[in-house]
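Working notes for the structure below.
The values are calculated or read from the model by the stated rules, or taken from the named source; none is laboratory data. Just so you know, these numbers come straight off a predicted model, no measurement behind them. Glycine gets a Cβ as well: all are built from the backbone with ideal geometry, and neighbour counts include every protein chain shown. For the accessible areas, the whole protein counts, side chains as well, though only heavy atoms, and no ligand, DNA or RNA atoms are used. Shrake-Rupley method; radii C 1.70, N 1.55, O 1.52, S 1.80 Å.
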Amino acid sequence: MSDLHHNRLSVVDTISVPGSTVKPNEDRLGHNDQIAFVIDGATGLGDHPVTTGHGSDASWLAEFSSAFLLKHMHPDRVTAEVISELIAAARHRFLEFSGGHEVPKYAWPSASFAMIRLNGDRLEFAGLGDCEALLRKRDGSVEVYSALGDFFASETEEASRHLQRLGTFRQGNLLSDPETLASLRATRERQNTPESGIWTLGLVDDAA
């Protein structure tokens with residue numbers, strides 16, 4: 001949450017609650033007096049992490065992206081250009097981790113993010129994936145900003161099919177079911193293409 005004050009963002013509160021005590025936290029938040037953002041790493045679908053020292057590739061990407069945004073998102077920079085540079089840098093580093101071995105596209109790390117940025121006397125929203133920014137106006141009404149559009153509907157349908165087939169969402173069940181895993185991998189393969197219309201923060205230039 002933040003207030004707009006004298007052409008700077010004033011952060012009044014933050015909270016981050018990991019979804020598990022045994023899994024790495026794949027979410028990050030960051031802010032300064034010009035930007036505030038959240039990053040939500042997507043659960044990895046590969047057989048094992050490619051990166052080291054972070055617990056998961058999604059956790060690595062979230063941390064890498066957070067540090068990059070705070071370092072490079074200066075007032076004179078164009079948002080899309082910084083995101084493009086971030087994606088290129090992340091891809092380069094990920095390929096170093098892979099040691100030249102081919103990594104299937106479904107195993108590439110990806111994340112959603114939402115960012116507000118102060119641009120003069122205007123507030124700019126930027127995002128990829130399903131993270132949202134909520135703008136509470138002076139009259140008490142709330143506007144919701146998201147880069148994803150109507151993807152929530154198809155995501156809900158997919159979850160419904162899984163529930164009908166297995167009858168539960170117990171921890172670990174999604175990825176341990178071969179049919180669900182195959183479906184999730186196919187969906188991840190289609191991300192960041194014009195055909196899917198789903199753009200995320202990761203290793204694909206066109207997402208910027």
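Of all residues in the range 56-71, none are more than 18 Å from the chain's Cα centre (by Cα) and touching a residue at least 24 places away in the same chain (Cβ under 8 Å). Note on the range 131-149: among residues that are closer than 23 Å to A62 by Cα and either touching a residue at least 24 places away in the same chain (Cβ under 8 Å) or among the acidic types (D, E) (or both), the one that is surrounded by the fewest Cβ atoms within 10 Å (Cβ to Cβ) is G149.
Taking T51 and the conditions (1) in a loop (DSSP other than H, G, I, E, B); (2) open to solvent by 30 Å² or more (accessible area, probe 1.4 Å); (3) among the β-branched types (V, I, T), which numbered condition does it fall short on, given that it satisfies the others? The one condition T51 does not meet is (2). Based on what the data block shows, is S141 closer than 26 Å to A186 by Cβ and among the polar types (S, T, N, Q)? Judged against the criteria, S141 is not a match.
Tell me, please, whether a residue that is in contact (Cβ under 8 Å) with a residue 12 or more places away in the chain, at negative phi, over 18 Å from the mean Cα position of the chain (by Cα) and outside any helix (DSSP H, G or I) can be found in the range 34-48. Among the residues of the range 34-48, at least one is in contact (Cβ under 8 Å) with a residue 12 or more places away in the chain, at negative phi, over 18 Å from the mean Cα position of the chain (by Cα) and outside any helix (DSSP H, G or I), which makes the answer yes. Only residues that are free of Cβ contacts under 8 Å to residues at least 60 places away in the same chain, open to solvent by 60 Å² or more (accessible area, probe 1.4 Å) and in contact with a Leu (Cβ under 9 Å, 6 or more places away or on another chain) were counted in the range 85-119, giving 1.
Among residues that are more than 16 Å from the chain's Cα centre (by Cα), modelled with pLDDT of 95 or more and surrounded by fewer than 21 Cβ atoms within 10 Å (Cβ to Cβ), E81 is included. Does P75 satisfy the condition of being open to solvent by 80 Å² or more (accessible area, probe 1.4 Å), of a type outside the set (S, T, N, Q) and in contact (Cβ under 8 Å) with a residue 12 or more places away in the chain? It is true that P75 is open to solvent by 80 Å² or more (accessible area, probe 1.4 Å), of a type outside the set (S, T, N, Q) and in contact (Cβ under 8 Å) with a residue 12 or more places away in the chain. Taken over the range 54-87, the criterion of being among the aliphatic types (A, V, I, L, M), in contact with a Lys or Arg (Cβ under 8 Å, 6 or more places away or on another chain) and either assigned to a helix (DSSP H, G or I) or farther than 15 Å from N32 by Cα (or both) is satisfied by A62 alone.
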